[in-house]
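**Q** Before we start, here is the structure in question, set down as structure tokens.
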Amino acid sequence: MTTKKLYIRTYGCQMNVYDSARMADVLAPLGYVPTELPELADLILLNTCHIREKASEKVFSEVGRLRPLKQAAEAEGRRLLIAVAGCVAQAEGEEIQRRAPAVDIVLGPQTYHRLPELVRRAEGGERGRGLVDTDFPVESKFDFLPEEAEGRGPAAFLSVQEGCDKFCSFCVVPYTRGAEASRPAAQVLAEARRLVAGGALEITLLGQNVNAYHGEAPAQAAGGPASWNLARLVRALAELDGLERIRYTTSHPSDMDDELIAAHGEVAQLMPYLHLPVQSGSDRILAAMNRRHAADDYRRIVERLREARPDLALSSDFIVGFPGERDRDFAETLRLIGDVGYAQAYSFKYSPRPGTPAAGTAEQVPEPVKAERLAMLHQLLGAQQQAFNQATLGRRLPVLLERAAKHPGQLNGRSPYMQSVTVAAPDRLLGTVAEVEILESHPNSVKGRVVAAPQPAAASAA
Ligand code: SAH
Ligand code: SF4
Ligand code: F3S
């Protein structure tokens, strides 16, 4: 088998990062090995995001930039295939080939187990609509994926739930990812065991609504419930030898059940950080967004989480300029942020997405108003993040050292609270959890020094 080179560029959320790794897995048996250089590639795969307008426009400009590479390959008598996968592929389908004829293959997030077949046909010279696959198949792709071709490093992602039935009025995810579905618990545990065997000390469970997880219970759990919720899954993962840290993302406030809240107080491996998007602090806007909860419901959930785990760091997503948002709605958002106190958060200008209910409403907020509100939000959230980082000065925190930092001799990792931490440390500490004293606080990160390195036994788990 000849080796061919695969270049993948990933946009969007962590689930796309996970999916990209799995697409590399399904292509490995065809002889494709990953490359970092698109110029060397025989297949370029863009794994795309449709969540906001800019996200999808980026894809088309990227394909435009790749065209000369394709032409250069052809001039050399080589074939360079371009595939567009992910949520833009799902949303736009054949339209992509029409707008960008350089694209050979289009496939949605639920059909990538069929990618090898599409690639084989494209390699054989087939072109056109036959190479567009945006089905929502009855079978689950997870039943057809090969085992991971390589380890996923010290901090690994694991998809456990996909799709969404919530239909927030601004959001494309229910359309691009399809209906909500959970992977069977036994399948998740088997993948987690392999990730740990491959060196993972931390696993982040992924789902568009991960806390709505309700996977089929393992067969040996006969007599127990037919399905497991996320709390049960987290507790089972906490039993895995060598798995030191568990996280999950993204959660919906309405699915934050008692058992999961309790797990935050009881499962030591569950990290004290939670991304819990609220979008707005105004009940009127939350209702228009179809979020199914009020601002005070969210406050109450946060309160209960902090009763269970007092040092829990919170993160969120906010949208400014949702149709109909007035100054006093926005003020409610600022008030909620003040009440909760975030360790970090993301904020976005509302972007009308084709086919979503909110896109068609009359009361669109003018761009300058959106920009002004976004700037105010950034300022407030930035100040909160800075305050959070400063409050960790002088503390000793366990940091999972995940990668080489920009400067030689330094490593970068995450604190339990998801802070980005840089330390001077030798490479042999890569993939270990070191005790770090926090010495410097910056707006988006902290710096520290290693005060205790892990025992060799822990390091050799890698
Ligand atoms: N499932 C998650 C988030 C999915 S999308 C949840 O329910 O919270 C990630 C974030 O993108 C959302 O939380 C929201 O803040 C933002 N987003 C989604 N659609 C958007 C749109 N049309 N315009 C602006 N931001 C949007
Ligand atoms: Fe989108 Fe809402 Fe579903 Fe999150 S819960 S993915 S924001 S529809
Ligand atoms: Fe984007 Fe799809 Fe994720 S739209 S945010 S890549 S689910």
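**Q** Output the number of residues of the stretch 298-326 satisfying the condition of being in contact (Cβ under 8 Å) with a residue 12 or more places away in the chain, touching a helix residue (DSSP H, G or I) at 6+ places or on another chain (Cβ under 9 Å) and assigned to a loop (DSSP other than H, G, I, E, B).
**A** So the count comes out to 7.
**Q** Would you be able to tell me the number of residues in the stretch 187-222 that are within 24 Å of G12 (Cα to Cα), in a strand (DSSP E or B) and more than 14 Å from ligand 3 (Cβ to nearest atom)?
**A** Residues flagged as within 24 Å of G12 (Cα to Cα), in a strand (DSSP E or B) and more than 14 Å from ligand 3 (Cβ to nearest atom) within the stretch 187-222 amount to 4.
**Q** Within the stretch 123-149, restricting attention to residues that are of a type in the set (D, E, K, R), more than 20 Å from the chain's Cα centre (by Cα) and assigned to a loop (DSSP other than H, G, I, E, B), which residue is nearest to ligand 1 (Cβ to nearest atom)? Break it down into steps so the answer makes sense when it comes.
**A** Narrowing the stretch 123-149 to residues of a type in the set (D, E, K, R): 123, 126-127, 129, 133, 135, 139, 141, 143, 147-148.
Going one step further and asking which of them are more than 20 Å from the chain's Cα centre (by Cα), we end up with 123, 126-127, 129, 133, 135, 139, 143, 147.
The next check asks that each one be assigned to a loop (DSSP other than H, G, I, E, B); those that pass are 126-127, 135, 139, 147.
Working: E126: 35, R127: 33, D135: 22, E139: 24, E147: 28 Å.
Result: D135.
**Q** Another question about this same structure. For the stretch 150-186: of the residues being of a type in the set (A, V, I, L, M, F, W, C) and in a strand (DSSP E or B), which is farthest from the chain's Cα centre (by Cα)?
**A** So the residue we want is A181.
**Q** To continue, here is another question. Given the conditions (1) open to solvent by 30 Å² or more (accessible area, probe 1.4 Å); (2) within 16 Å of ligand 1 (Cβ to nearest atom); (3) outside any helix (DSSP H, G or I), and given that R403 satisfies all but one, which numbered condition is not satisfied?
**A** The single condition R403 does not satisfy is (2).
**Q** Among the residues of the stretch 432-446, is any exposed (fewer than 14 other Cβ atoms within 10 Å of the Cβ) and over 13 Å from Q390 (Cα atoms)?
**A** no
**Q** Related question: Which residue pairs have Cβ atoms under 7 Å apart, sit 6 or more places apart or on different chains, and have a first residue in the stretch 175-196 that is among the acidic types (D, E) and a second that is outside any loop (DSSP other than H, G, I, E, B) and more than 16 Å from ligand 1 (Cβ to nearest atom)?
**A** E191/L158
**Q** With the requirement that a residue be among the aliphatic types (A, V, I, L, M) and within 18 Å of the chain's Cα centre (by Cα), what does the stretch 202-223 give you?
**A** Across the stretch 202-223, the qualifying residues are I203, L205, L206, V210, A212.
**Q** Right, another one. Taking the stated definitions as given, is T35 away from ligand 1 (no atom under 16 Å from the Cβ), in contact with a strand residue (DSSP E or B) (Cβ under 6 Å, 6 or more places away or on another chain) and modelled with pLDDT under 95? Step through it out loud before you land on a result.
**A** Numbers: away from ligand 1 (no atom under 16 Å from the Cβ): yes; in contact with a strand residue (DSSP E or B) (Cβ under 6 Å, 6 or more places away or on another chain): yes; modelled with pLDDT under 95: no.
In short, no.
**Q** Just checking, which of P184, P277 is in contact with a strand residue (DSSP E or B) (Cβ under 7 Å, 6 or more places away or on another chain) and within 16 Å of ligand 3 (Cβ to nearest atom)?
**A** Within the list P184, P277, the selection yields P277.
**Q** Oh, and also: Which condition number in (1) surrounded by fewer than 20 Cβ atoms within 10 Å (Cβ to Cβ); (2) within 16 Å of Q384 (Cβ to Cβ); (3) under 25 Å from the mean Cα position of the chain (by Cα) is the one that R335 fails?
**A** (3)
**Q** Output the number of residues of the stretch 274-290 satisfying the condition of being closer than 20 Å to G338 by Cβ and open to solvent by 10 Å² or more (accessible area, probe 1.4 Å).
**A** 4
**Q** Continuing with the same structure: Mind checking which strands (runs of 3 or more DSSP E) fall wholly inside the stretch 1-55 and carry at least 3 residues that are in contact (Cβ under 8 Å) with a residue 12 or more places away in the chain and closer than 20 Å to R121 by Cβ?
**A** Output list reads 4-10, 43-48.
**Q** Let me ask another. Which residue, of R235, R245, R177, is out of contact with any Phe, Trp or Tyr (no Cβ under 7 Å at 6 or more places or on another chain), charged (D, E, K, R), more than 16 Å from ligand 1 (Cβ to nearest atom) and open to solvent by less than 10 Å² (accessible area, probe 1.4 Å)?
**A** R245
**Q** Then there is this: Please go through (1) surrounded by 14 or more Cβ atoms within 10 Å (Cβ to Cβ); (2) in a helix (DSSP H, G or I); (3) in contact (Cβ under 8 Å) with a residue 60 or more places away in the chain for R120 and return the number of the only condition it doesn't satisfy.
**A** (1)
**Q** From A387, A371, A424, A452, which residue is over 20 Å from E244 (Cβ atoms) and open to solvent by less than 50 Å² (accessible area, probe 1.4 Å)?
**A** The match here is A371.
**Q** Can I ask one more? For the stretch 229-252, give me each residue that is within 16 Å of ligand 2 (Cβ to nearest atom) and in contact with a Pro (Cβ under 8 Å, 6 or more places away or on another chain).
**A** Of everything in the stretch 229-252, those that are within 16 Å of ligand 2 (Cβ to nearest atom) and in contact with a Pro (Cβ under 8 Å, 6 or more places away or on another chain) turn out to be T250, S251, H252.
**Q** Counting just the residues of the stretch 85-109 that are in contact (Cβ under 8 Å) with a residue 40 or more places away in the chain and assigned to a loop (DSSP other than H, G, I, E, B), which one comes out farthest from the chain's Cα centre (by Cα)?
**A** My answer is A100.
**Q** Count, please, the residues in the stretch 343-364 that happen to be open to solvent by 20 Å² or more (accessible area, probe 1.4 Å) and of a type in the set (A, V, I, L, M, F, W, C).
**A** 4
**Q** If I ask for residues that are in contact with a Leu (Cβ under 8 Å, 6 or more places away or on another chain) and within 16 Å of ligand 2 (Cβ to nearest atom), which ones from the stretch 84-99 would you list?
**A** Passing the criteria: only G86.
The values are calculated or read from the model by the stated rules, or taken from the named source; none is laboratory data. Note that this is a predicted model, so its numbers are computed, not measured. We place every Cβ from the backbone using ideal geometry, glycine too, and count neighbours over all the protein chains shown. Ligands, DNA and RNA are stripped out before the accessible areas are found, and what is left, the full protein with its side chains, is counted by its heavy atoms. Shrake-Rupley method; radii C 1.70, N 1.55, O 1.52, S 1.80 Å.
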